[in-house]
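Following: one structure in structure tokens, then a few remarks.
The values are calculated or read from the model by the stated rules, or taken from the named source; none is laboratory data. Bear in mind that the values here come from a model prediction, so they are computed numbers and not experimental data. So basically every Cβ, Gly included, is an ideal-geometry build from the backbone, and we count neighbours across all protein chains shown.
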Amino acid sequence: MEAITNTREIGERVRTLRVQKGMSQEELARRLNLGSRSMVSEYESGKRTLSSANVIDYATLFDVSADWILFGAGDKEKREYASEVDEMLQAFYSIRNPRARKIAIEQVRALSVL
């Protein structure tokens with residue numbers, strides 16, 4: 001599967017959110033039921049990719065849009081359309097067939113340049 005964006009950049013954004021809230025990696029792991037501090041560390045370093053559910057959990061906890069976490073695009077704060085974007089991202093990640101998922105992502109990319 002082709003990566004949507006750089007996992008290291010996503011990791012930097014989620015680390016920024018955690019640090020801005022004054023949370024430790026341990027506290028964040030506990031609040032998001034991630035299992036351990038090392039899991040948070042792997043997300044923040046870009047060694048592990050966030051699942052769609054993890055993205056939604058981070059967005060909800062830190063009150064930001066999922067598109068900002070994934071793409072760093074636009075304002076960090078949620079806007080009225082953010083829930084629609086979150087739903088769309090969940091739909092993309094729920095496509096089980098890798099070829100179909102890649103086609104769907106390519107189509108959205110093509111529409112985004114219009």
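Hey, any hits in region 4-11 for a residue that's crowded, with 16+ Cβ neighbours inside 10 Å and at pLDDT below 90? So far as region 4-11 goes, yes, one or more of its residues are crowded, with 16+ Cβ neighbours inside 10 Å and at pLDDT below 90. Tell me, yes or no, whether region 12-27 has at least one residue that is within 23 Å of A91 (Cβ to Cβ), in a helix (DSSP H, G or I) and either touching a helix residue (DSSP H, G or I) at 6+ places or on another chain (Cβ under 7 Å) or at pLDDT 95 or above (or both). Yes - at least one qualifying residue is present in region 12-27.
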